[in-house]
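Below is one structure, written out as structure tokens; the observations come after it.
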Amino acid sequence: MDSVLTVEGLKTYFYTEAGVVRAVDDVSFSVKPGTIHALVGESGSGKTVTAQSILRIVPKPGRTVGGRIMFEDKNLLELGEKEMRRIRGRRISLIQQDPTATLDPMFTVQDQLVEAIMVTTELDREQAKRKARKLLEDVRIPGPENVLRSYPHQLSGGMRQRVAIARALAGDPKLLIADEPTTALDVTIQAQILELMRGLRDEYGLSIILITHDLGIVAQVADEVTVMYAGKVCESASVVDVFYSPLHPYTQALLLSVPRVDKRVKLRAIPGNIPDLVDPPKGCRFHPRCPYAVEKCSQEEPKLERADYMADHSGERSVYCHRFRELKLEVK
Amino acid sequence: MATQTVRRRSASQFAVALRRFRRSKAGLTGLGMLVFMSIVAALGPRIAPYNVNSNNLLLEGETDIAPTWLKPPLFHNWAFPFGTTVGGLDVFSGVLVSLHVDMIIGVGAALFAMALAILVGLVSGFYGRVVDTVLMRITELFIVFPALLFLLLLSRLLAGRLTGVETILFYIIIIGVFSWATNARLIRGEVLRVKSLEFIESEKALGASTSRIVFRHILPNVLAQVVVLTSFTVATSILTEVALFFLGFGSGNILSLGEIMYLNFPYMDVEWWSELFPGISVVILVLAFNLLGDGLSDALNPKLRE
Amino acid sequence: MVGELLELRDVKKYFPLTERYTFRSRVAAYVKAVDGVSLSIPEQSTVGLVGESGCGKTTTAKIAAGLIQPDSGDVVFMGESLASTLSNPKAAKEFRRKVQLVYQNPYSSLDPMMTVGDIVKEPLVIHGLARGGELDEAMYSLLKKVNLEEYHALRYPHELSGGQRQRVCIARALATQPKLVLLDEPVSSLDLSIRAQILNLLMDLKEKEKLSYLYISHDLATVRQMCDSVAVMYLGRIVEYAPTDELFGNPMHPYTQALLSAIPVPDPKVKRKRIVLEGDVPNPVNPPAGCRFNTRCPYVNQVCREKDQSLVEVGGDHWVACWVAPTGGISTFTLNTNPE
């Protein structure tokens, strides 16, 4: 199956006074068309920096120093700024955690939507206004006329996030990157937004990269998952495969330590702390906390291994672990 | 896997700030200038080649020394590197001898002003409500007051009657009295900011008394701002003092850089060096404290705190 | 003998919104943050208080901790009314020993100018519980209880990770040997892989130190792990209260059902019918008349729009504040998946 986006060996480093922070260090995954692909990880995992790298908006002192990002037969890392601008917002859009920060409080919703539409398409003002209304309907906002006339601060958090999504859809993008879009929202509102995303995928064939640290969201919304830790990928597979037969000890550890709302489970904590990215552990970055680590794990970094034969559903999976063949990871 | 190092660099806020200060070019420059000026000021009266009498500015044993011209780039006469005045003053000696006066008045006034400002700012910010309203209105009164006019008046009325040491104290107090208000407002703002931080409430939940909270928790966290403000206040105090003296409202019995500039002002077109060198000294002093303040601000800026 | 450690009796707290003019100010409206909450926390038990943002759970916790004075209603701690306890300085200090707080953000709740050792020693000093050499002994043993090392005592908060800072907060809370600890979202700002460490620690300490907890969170999954019973809040009121398994297994209030159904389960094969609530949470300044939930409730009746309902027991210490629920008019909903 052709991918919408393929990230290969991405490396983005931050050159700080304290040292070189290897925020994203050889990350690879691919997003299939019309799917929701989750990037899951804790703080320091590199998921946000990955998103920034795709859109080439990595803040200083960061720089992408290696790898390829293939989108529509072009390597995004080789494009000039002018070409990237044609991609941002039009072919690939971004929505972020806090819609309050991304919407300008000085302009009405209509103004902002119209501006986004006119920048990303060839429509004139009148056509843009009509499209703005349609976008609000697409994101299931009731009473769009009122919302068009409102200012962001007059809307609730959930509404603002919908408006942000509407604006991201202004240029009919092929791929939407959503960075923790529901973290700042209440759980009932979050459910609405996630439902909306599923709808966009189903009705419009939109591909979405969903960045989150919430395993519940991943399980309920995503089709495929890439699990990240300390700037590296642990494994990448369909959601069912990752949750029911994980190949990487970190995934297993995470699943065993997360409390569930549907039953009381004995929480098995992961010892230790997330490593410092300036001076990460030698070899596999997870090895200090891994119950299955052996000598090799502290010496050599694991490489990409295909495990398609272990994929129950989508036929593809990959893992970065020296011992994945011999470990049988239970998640009961 | 947590590494435990035996000897670690201290990570107290103070040590962290010190490290940051060392990286601040402005701060280091200011500090360097300050150290230099302090040494000069301290040694000044001893190393001045000629005696200076503040009353009649005559060199001992000689009268009516002809004005000596400095011919740039060569000094005409190295015996008088800054030239002399028609009144017989060796400008170089004059500067050396009077530097410490400006510094003492400047620093003294700033310390006095800050002490008042901390008191008012802490009480006002912490207690709020009525106390805050009352104190802030008083503070505003002082801010709005035409300080310079009042200073000139006070100076003219009272200063002449005091001895040398008393005079310096006098200037410290009156300049300090008109400098504390703005700082009090700023400190109050900082107190309000710290007060709203969660850990203050958790101190209350622990059962800490009010005085403990104010002195052990709020004050240390406000100190950063205070230190920065002090440096800038010294700069403004020096400028105020120089202004007072330069305008001729000095007490007449102490010699400061401003006084030298005042006494020689009438002859400025003939002996411009008698204004220039004291003036440059003032500039260096004030600049030093400003740069130091900048450096301190960089070092202590909360945005950069880890 | 299990008694009631702390009781909130019909507590109300309204925050005024004042409009200030030059010479006078006018109270325009009240934010009814807490509007008649009654809750009791037994000894050695964990009571969960859940709800979305703006429901009043944090304010309720602060009232229980004596940091905010309620406008009406009473807080009774170990049989004594809090109002009278706090007016007596000696009794107030004693109260502060017995009731401690752990905050959500472990960084901002620690004084950045103090070392970990000083922070943990401070409550001991304030209450005169140890002196001199004993002070350090006590401090090290507290650090040990929360699985921190002795060398951590010399560190400053910003040098520690989030999980470690939270441990410091817990150690500090334990210093006075409290009976009740109020935990306000203690793991929400921590990374996933650290949360289990802290939750397990809290559960351990509850056993060892014989504590009661009031556990406040919007994360129902952690509530399920930690709590013996749960109260659900909506717009300043408790709408449902039950023992944990009962609440999750048989939620009766429509809001509780909607809330539980909205939570994504980390299991892709568990797909649940989701009860989607229309609209947004109404403003606590102008709550709807009658039952506060009536604007979004799928079972709303005429009576719901007119009169408010207080908590009614529907069996086995399960209380609901609803007109329809006790009549059996709400379809059942369960969150429990089949046990292994």
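Read-outs: derived from the displayed coordinates by stated rules, not from any lab. All values reported here derive from a predicted model rather than from experimental measurement. Note that each Cβ is placed from the backbone with ideal geometry, even for glycine, and that neighbours are counted across all protein chains shown.
Sort largest first and round to whole Å: the equivalent ellipsoid semi-axes of chain A, each the square root of five times a Cα gyration tensor eigenvalue.
Working: eigenvalues 256, 98, 66 Å².
Gyration-tensor ellipsoid for chain A: 36, 22, 18 Å.
When the dipole is taken about the Cα centre of the protein assembly as shown, and only Lys, Arg (+1) and Asp, Glu (-1) are charged at their Cβ, what size is it in debye, to the nearest 20? Present the calculation step by step, with values, prior to reporting the outcome.
Numbers: 107 positive and 104 negative charges, 172 e Å.
The calculated dipole for the protein assembly as shown is roughly 820 debye.
Name the shape class, rounded, prolate or oblate, that the alpha-carbon gyration tensor gives for the stretch C:78-230, where a ≥ b ≥ c are the square roots of its eigenvalues, rounded holds for a/c under 1.5, and otherwise prolate holds if a/b is larger than b/c and oblate otherwise.
oblate
Measure nothing fancy, just the Cα-based angle from helix A:187-204's long axis to the longest principal axis of chain A, in degrees from 0 to 90, nearest 10.
80 degrees
Given labels modelled 7 Å from the Cα in the Cβ direction, how far is it in nm from B:ARG19 to B:ILE39?
For the pair B:ARG19/B:ILE39, the computed spacing is 2.9 nm.
Rounded to whole Hz and in sequence order, give me ³J(HN,Hα) for the stretch A:280-297 from the Karplus expression 6.51 cos²θ - 1.76 cosθ + 1.60, θ = phi - 60°, writing x for Gly and Pro.
x, x, 6, x, 6, 5, 9, 4, x, 10, 8, x, 10, 5, 10, 3, 4, 5
If Lys and Arg each add +1 and Asp and Glu each add -1, what is the summed charge of the other residues whose beta carbon sits under 10 Å from the beta carbon of A:SER53? Intermediate values should be presented prior to the final figure.
Values: positive: A:LYS11, A:ARG56, A:ARG63; negative: none.
Net charge in that neighbourhood comes out at +3.
Can you sort A:LYS129, A:LYS328 by how many other beta carbons sit within 10 Å, fewest first? Before the final figure, lay out each step's value.
Numbers: A:LYS129 16, A:LYS328 7.
With the sparsest Cβ surroundings first, the list reads A:LYS328, A:LYS129.
Quick check on the exposure proxy: order A:ILE193, B:ILE284 from fewest to most C-beta atoms within 10 angstrom.
Lowest to highest Cβ neighbour count: B:ILE284, A:ILE193.
Enumerate by residue number the GluC sites (Glu not before Pro) in the stretch A:196-302 meeting two conditions: DSSP loop (anything except H, G, I, E, B), and at most 15 other Cβ atoms within 10 Å of the site's Cβ. Mind dumping the intermediate values first?
Details: sites: A:GLU203, A:GLU224, A:GLU235, A:GLU295, A:GLU300; in loops: A:GLU300.
In loop regions of the stretch A:196-302 (DSSP not H, G, I, E or B), the sparsely surrounded GluC sites (Glu not before Pro) are A:GLU300.
Round to the nearest 10 and give me the degree value, 0 to 90, for the angle of helix A:109-120's Cα axis relative to the longest principal axis of chain A.
The answer is roughly 70 degrees.
For B:LYS204, go through the lysines and keep the ones whose alpha-carbon is under 17 Å away, minus same-chain ones fewer than eight residues off.
Answer for B:LYS204, where 17 Å is the Cα cut-off: B:LYS195, C:LYS62, C:LYS90, C:LYS93, C:LYS98, C:LYS121, listed by chain and number.
Tell me which of A:LEU39, A:GLY19, A:SER93 sits at the most positive position along the dipole axis of chain A, charges placed on C-beta atoms (Lys, Arg +1; Asp, Glu -1).
A:GLY19
What is the stretch A:157-283 by shape, rounded, prolate or oblate, if you read a ≥ b ≥ c off the alpha carbon gyration tensor as root eigenvalues and call it rounded for a/c under 1.5, prolate for a/b larger than b/c, and oblate otherwise?
On the way: a/c = 1.90, a/b = 1.60, b/c = 1.19.
Prolate, since a/c reaches 1.5 and a/b exceeds b/c.
Hey, got a sec? Which trypsin sites (Lys or Arg not before Pro) in the stretch C:80-148 land in a DSSP loop and have at most 10 other Cβ atoms within 10 Å?
C:ARG131
Nothing charged except the Cβ atoms of Lys and Arg (+1) and of Asp and Glu (-1): what's the magnitude of the dipole of the stretch A:163-255 about its Cα centre? Round to the nearest 20 debye.
Around 160 debye, computed over the stretch A:163-255.
With a ≥ b ≥ c taken as the square roots of the eigenvalues of the C-alpha gyration tensor of the protein assembly as shown, please select rounded if a/c is under 1.5 and otherwise prolate if a/b is larger than b/c or oblate if it is not?
prolate
Eigenvalues of the Cα gyration tensor times 5, then square-rooted: what semi-axes does that give for the stretch B:129-174, in whole angstrom, largest first?
Sorted largest first and rounded, they come to 29, 13, 6 Å.
Excluding same-chain residues fewer than 8 positions from A:LYS134, which aspartates and glutamates have a Cα within less than 16 Å of its Cα?
A:ASP111, A:GLU115, A:ASP124, A:GLU126, A:GLU145, A:ASP172, A:GLU203
Quick one: order C:SER87, B:SER237, A:SER298 by neighbouring beta-carbon count within 10 Å, fewest to most.
The fewest-first ordering by Cβ neighbours comes to C:SER87, A:SER298, B:SER237.
If the cut-off is 19 Å between C-alpha atoms, which aspartates and glutamates fall inside it for C:LYS145, apart from same-chain ones fewer than 8 positions away?
In chain and number order, the partners are C:ASP118, C:GLU122, C:GLU134, C:ASP136, C:GLU137, C:ASP204, C:GLU207, C:GLU209.
Compute the signed sum of charges (Lys and Arg +1, Asp and Glu -1) over the other residues within less than 13 Å, Cβ to Cβ, of A:ALA101.
-3
Cβ under 15 Å from B:VAL134's Cβ, B:VAL134 left aside: what net charge do those residues give with Lys, Arg +1 and Asp, Glu -1? Could you put the intermediate results ahead of the total?
Working: positive: B:ARG129, B:ARG137, B:ARG185, B:ARG188; negative: B:ASP132, B:GLU140.
With Lys, Arg at +1 and Asp, Glu at -1, the net is +2.
Cα-Cα over 25 Å: which of A:LYS303/C:LYS271; A:LYS11/A:LYS32; A:LYS60/B:LYS25?
Distance filter (> 25 Å) returns A:LYS303/C:LYS271.
Roughly how tilted is helix C:192-209, in degrees to the nearest 10 and between 0 and 90, from the longest Cα axis of chain C?
80 degrees
Using the reciprocal of the averaged 1/r over all distinct C-alpha pairs, how large is the Kirkwood radius of chain C in Å? Don't skip to the answer; put the middle values down first.
Details: mean 1/r = 0.0465 Å⁻¹.
Computed over Cα pairs of chain C, the Kirkwood hydrodynamic radius comes out at 21.5 Å.
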